[in-house]
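Q: Submitted below is the structure of interest, expressed as structure tokens.
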Amino acid sequence: MLRMKEKILVAMSGGVDSSVAAWLMKEQGYDVVGVSMHLVSCHRPTERSCCSAEDRLDARRVCEALGIPYFTLDYRDAFQKKVIQPFVAAYARGRTPIPCVSCNSEFKFAALFDDMVLHEAVRVATGHYAKVLRDSDGRYRLYRGRDQKKDQTYFLFQLRQQELSKIEFPLAEVTKAEVRAMAKKQGFVTQDKPESQEICFVTDDDYAGFVESHGGHLLQGEGNFVDREGKVLGRHEGIHAYTIGQRRGLKKGFGQRMYVVEIRPETNEVVLGLKQEVMRSTMTVTSMHWTAEGATTFDPREYVETPLEIRIRSTHAPAVASIKSIRERIIEVAFDEPQMAIAPGQAAVFYQGDEVLGGGWIA
């Protein structure tokens, strides 16, 4: 049971979700402190949120309306080293990274928990659409929230038991429409704010241009389009500009619709093929993390040969698959039906019903 006026740190992005999360925590009787992270200097050309000064100003205005303290943390240097540089390096190696996953679990939450201790708070809250429950064995379990369309658990699979025990997701049982209605009723300046984009530091969705401007020295430059047998089909602009399953942006003149089937950084080649050549029934997942790790009753071998659902992209509909083997945090997976564009560098997240079992990185 909540002891009145326990202090909680609420991550404030300047959007409607975190605004309502802070309000709900205050309504529950917590002593709420709002905090924003200054991660990247950004002058956005669009209305989509990108961690800008305008977003932090909106967060401050919401906190003022709620009558709670607000402050910012400047993590620009650390964000550059821990998130942006690995992102650029991965694209230069022909992989398709998803920085929001590692940013959430390894960077943002780590900073929030450190700051929680400094400010003598007992918990951290965010505006993610997710849910944490504790079972009879004392294990903390991560679940999809009520609003399945806004489910954000794909980005949270690396959270550990210790962190799950101290996290609040106030939006677990509400929908996005209900969140906007709450914000409107409270008169928050964020009530009609557009959705933020997936990767906050690439403000115009030009990933190739971002990589070129931040890591040009890592790039190999132009190379050959080839087929699976190595026949040269044409020239490409650099492997960083392509991802597995890509069709748009390929030069025409191949005689039929072609897709990126494979990227070979060692030879600077992009392999093209027909759609059926992009389909895969198996994959290897490395650096596997289980959300129940550390719980005394947990043994991942219980999931071998058990039908699970796996998401291979944040927008991917979960596909039924089974784990064939587990060794040293390496998982071999077989899908019931072939999947389109399994891209190295993306996260693979494992579900059993609405519960997140864990995840890792597609190799």
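The values are calculated or read from the model by the stated rules, or taken from the named source; none is laboratory data. Note that the structure is a prediction, hence the values are computed from the model and not measured. Counting neighbours? That spans all protein chains shown, and the Cβs are built from the backbone with ideal geometry, glycine included.
Q: Find the strands (runs of 3 or more DSSP E) located wholly in segment 181-276 whose residues include 3 or more that are touching a Phe, Trp or Tyr at 6+ places or on another chain (Cβ under 8 Å), and list them.
A: Hits in segment 181-276: 232-236, 269-273.
Q: Now for a different question. Are any of the residues in segment 209-221 surrounded by fewer than 19 Cβ atoms within 10 Å (Cβ to Cβ), acidic (Asp, Glu) and either in contact (Cβ under 8 Å) with a residue 40 or more places away in the chain or not assigned by TED's automatic domain parsing to the domain that holds ALA121 (or both)?
A: no
Q: Taking segment 198-208 as the search range and keeping residues that are within 17 Å of THR243 (Cβ to Cβ) and surrounded by 14 or more Cβ atoms within 10 Å (Cβ to Cβ), which one is modelled with the highest pLDDT?
A: Out of the qualifying residues, it is ALA208.
Q: A follow-up question, please. Would you mind telling me which numbered condition in (1) over 30 Å from ALA343 (Cβ atoms); (2) modelled with pLDDT of 85 or more LYS5 fails?
A: For LYS5, the exception is condition (2).
Q: Okay, next question. Could you pull out the residue among ILE312, ILE330 that is modelled with pLDDT of 95 or more, more than 23 Å from GLN152 (Cβ to Cβ) and under 22 Å from the mean Cα position of the chain (by Cα)?
A: ILE330
Q: Give the residues of segment 56-70 that are loosely packed, with under 15 Cβ neighbours inside 10 Å and in a strand (DSSP E or B), sorted by residue number.
A: none
Q: What's the number of the condition PHE254 fails, among (1) within 27 Å of HIS316 (Cα to Cα); (2) at pLDDT below 90; (3) in contact with a Leu (Cβ under 9 Å, 6 or more places away or on another chain)?
A: Of everything listed in (1) within 27 Å of HIS316 (Cα to Cα); (2) at pLDDT below 90; (3) in contact with a Leu (Cβ under 9 Å, 6 or more places away or on another chain), PHE254 misses just condition (1).
Q: From the list TYR70, TYR75, TYR30, TYR91, which one is within 30 Å of HIS217 (Cβ to Cβ), modelled with pLDDT of 90 or more and not assigned by TED's automatic domain parsing to the domain that holds VAL270? Give the derivation first.
A: Numbers: TYR70 fails: within 30 Å of HIS217 (Cβ to Cβ); TYR75 fails: modelled with pLDDT of 90 or more; TYR30 fails: within 30 Å of HIS217 (Cβ to Cβ).
That would be TYR91, the only listed residue that is within 30 Å of HIS217 (Cβ to Cβ), modelled with pLDDT of 90 or more and not assigned by TED's automatic domain parsing to the domain that holds VAL270.
Q: Report yes if some residue within segment 292-305 is over 23 Å from SER105 (Cβ atoms) and assigned to a strand (DSSP E or B); otherwise report no.
A: There is at least one residue in segment 292-305 that is over 23 Å from SER105 (Cβ atoms) and assigned to a strand (DSSP E or B).
Q: Is it true that some residue in segment 74-93 is among the charged types (D, E, K, R), closer than 30 Å to GLN28 by Cα, in contact (Cβ under 8 Å) with a residue 40 or more places away in the chain and not in a loop (DSSP other than H, G, I, E, B)?
A: So far as segment 74-93 goes, no, none of its residues is among the charged types (D, E, K, R), closer than 30 Å to GLN28 by Cα, in contact (Cβ under 8 Å) with a residue 40 or more places away in the chain and not in a loop (DSSP other than H, G, I, E, B).
Q: Quick one: how many residues across segment 163-178 are among the hydrophobic types (A, V, I, L, M, F, W, C), part of a helix (DSSP H, G or I) and farther than 28 Å from ASP114 by Cβ?
A: Within segment 163-178, the first condition is being among the hydrophobic types (A, V, I, L, M, F, W, C), and the residues that meet it are 164, 167, 169, 171-172, 174, 177.
Now restrict to residues that are part of a helix (DSSP H, G or I): 164, 177.
Right, trim to farther than 28 Å from ASP114 by Cβ and you get 177.
Of the residues in segment 163-178, 1 are among the hydrophobic types (A, V, I, L, M, F, W, C), part of a helix (DSSP H, G or I) and farther than 28 Å from ASP114 by Cβ.
Q: Same structure again: Go through ALA343, ALA319 for me and flag whichever is touching a strand residue (DSSP E or B) at 6+ places or on another chain (Cβ under 6 Å) and small (Gly, Ala, Ser).
A: The conditions single out ALA319.
Q: Applying the selection to segment 95-132, what residues are under 16 Å from GLY15 (Cβ atoms) and outside any helix (DSSP H, G or I)?
A: ALA125, THR126, GLY127, HIS128, TYR129, ALA130
Q: Within segment 292-309, track down each residue that is buried (at least 16 other Cβ atoms within 10 Å of the Cβ) and at pLDDT 95 or above.
A: Of everything in segment 292-309, those that are buried (at least 16 other Cβ atoms within 10 Å of the Cβ) and at pLDDT 95 or above turn out to be LEU308, GLU309.
Q: Could you tell me which numbered condition MET283 fails, if it satisfies all but one of (1) crowded, with 16+ Cβ neighbours inside 10 Å; (2) touching a Lys or Arg at 6+ places or on another chain (Cβ under 9 Å); (3) of a type in the set (A, V, I, L, M, F, W, C)?
A: Of the numbered conditions (1) crowded, with 16+ Cβ neighbours inside 10 Å; (2) touching a Lys or Arg at 6+ places or on another chain (Cβ under 9 Å); (3) of a type in the set (A, V, I, L, M, F, W, C), the odd one out for MET283 is (2).
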